[in-house]
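The values are calculated or read from the model by the stated rules, or taken from the named source; none is laboratory data. Bear in mind the structure is a predicted one, so any value in this text is a computation, not a measurement. Cβ placement follows ideal geometry from the backbone for every residue including glycine, while neighbour counts extend to all protein chains displayed.
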Amino acid sequence: MAKTLDKKTLKKSFINWFFWNGCSQQAESMLGMAFGQSMAPVIDELYDTKEEKAAALKRHITLFNTESQVGSVCNGIAIGMEEQLANGVGSADAIRDAKVALIGPTSAIGDSLWVATIIPLLLTICLSISSSIASAPWVGPLLYIIVYPLGTYFLSWKIFQLGYKAGLEGVQRFMASGQLDKIIRAVTILGLLVVGALTASFVTCSLNIDIKTATKVFDEASQAYIDGSISVFNLDNLLNTVFPKILPLALTVFVYWLYTKKNWKPIVIMLLILVLAAVLTAIGYIPTIGAFVG
């Protein structure tokens, strides 16, 4: 009789990967030990002898690295191939080659989809909720810690099942169809839109240059001089009239340029921003320009 994996075994394998994929990450095999732990329930059910189980575990603790959520498709494919091998179809070398071939595309899609799109988008929504509810700012963080793990678990489980059911050939057909390139491009565009929205909504920058007339007016009611200064020139208002949010955009582009083109370290960039903030704040305390009118 053909060997078929039980659904409980598949679920246990996925849970091992989902919760423990980074627990043993190190320089020698990266996620290899975690991948082997994920495959352990499958190997125990498929193979009978100690020698067969040992050989199967050895081929799954070698070097492996990917983005963990989309990377669950690799686990599903490897499980399907192990199931075929246990029934006399395929070879151990084919399983190893498939894992190596999947590292690149799953890492690229996963980083674009999860790290660069889903996480910033969900954070933007939760930050907006916290900002809009002054009496309960904790709602945003609470929503994030509930939606993110549950949503990630559901999507990763579906991707895991897709890999197991479609197999390597199904994934290869999908990649050869050109749909992969379209998905990567769409996700990249969505990620750029999210970054743009984050810049406009949460990055603040003010030059704090406001030239006023130093005018004092005598108030009859209080029998004292009060401030009657009038703004003559406000640089922030002028710039936002010409190009709204141009200062946050310029600051973001400047930081991006320092990080990617000049290879500045993040800590150095943060120190530079602190210095600029101190200088621009000090400018705001320069005495106003004008004459005292008594």
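Pairs are defined by a Cβ separation below 6 Å, a sequence spacing of at least 6 or placement on different chains, a first member in region 203-223 that is closer than 30 Å to Ile273 by Cα, and a second member that is in a loop (DSSP other than H, G, I, E, B) and modelled with pLDDT under 75; the pairs so defined are Asn208/Gly284; Ile211/Ile289; Lys212/Ser229; Lys212/Thr288.
Out of everything in region 31-64 that is assigned to a helix (DSSP H, G or I) and among the polar types (S, T, N, Q), what residue ends up being nearest to Gln84 (Cα to Cα)?
Ser38
A count restricted to region 1-19 and to residues that are of a type in the set (Ser, Thr, Tyr) and either crowded, with 18+ Cβ neighbours inside 10 Å or in contact (Cβ under 8 Å) with a residue 60 or more places away in the chain (or both) stands at 2. Of all residues in region 65-104, those that are within 19 Å of Glu45 (Cα to Cα) and small (Gly, Ala, Ser) total 8.
Would you call Val115 under 19 Å from the mean Cα position of the chain (by Cα) and either over 27 Å from Val203 (Cα atoms) or touching a residue at least 40 places away in the same chain (Cβ under 8 Å) (or both)? Taking the combined requirement at face value, the residue satisfies it. Just one of the numbered conditions (1) more than 20 Å from Leu85 (Cβ to Cβ); (2) touching a residue at least 12 places away in the same chain (Cβ under 8 Å); (3) surrounded by 14 or more Cβ atoms within 10 Å (Cβ to Cβ) is not true of Gly22: (3).
Looking only at region 234-290, residues that are closer than 12 Å to Ile209 by Cβ and at pLDDT 90 or above come to 0 in all.
Quick check: anything in region 37-49 touching a residue at least 60 places away in the same chain (Cβ under 8 Å) and not basic (Lys, Arg)?
Going residue by residue through region 37-49, those that are touching a residue at least 60 places away in the same chain (Cβ under 8 Å) are none.
No, because not a single residue in region 37-49 is touching a residue at least 60 places away in the same chain (Cβ under 8 Å) and not basic (Lys, Arg).
Within the span defined as region 53-68, every residue fails to be closer than 20 Å to Gly22 by Cβ, surrounded by fewer than 19 Cβ atoms within 10 Å (Cβ to Cβ) and out of contact with any Gly (no Cβ under 9 Å at 6 or more places or on another chain).
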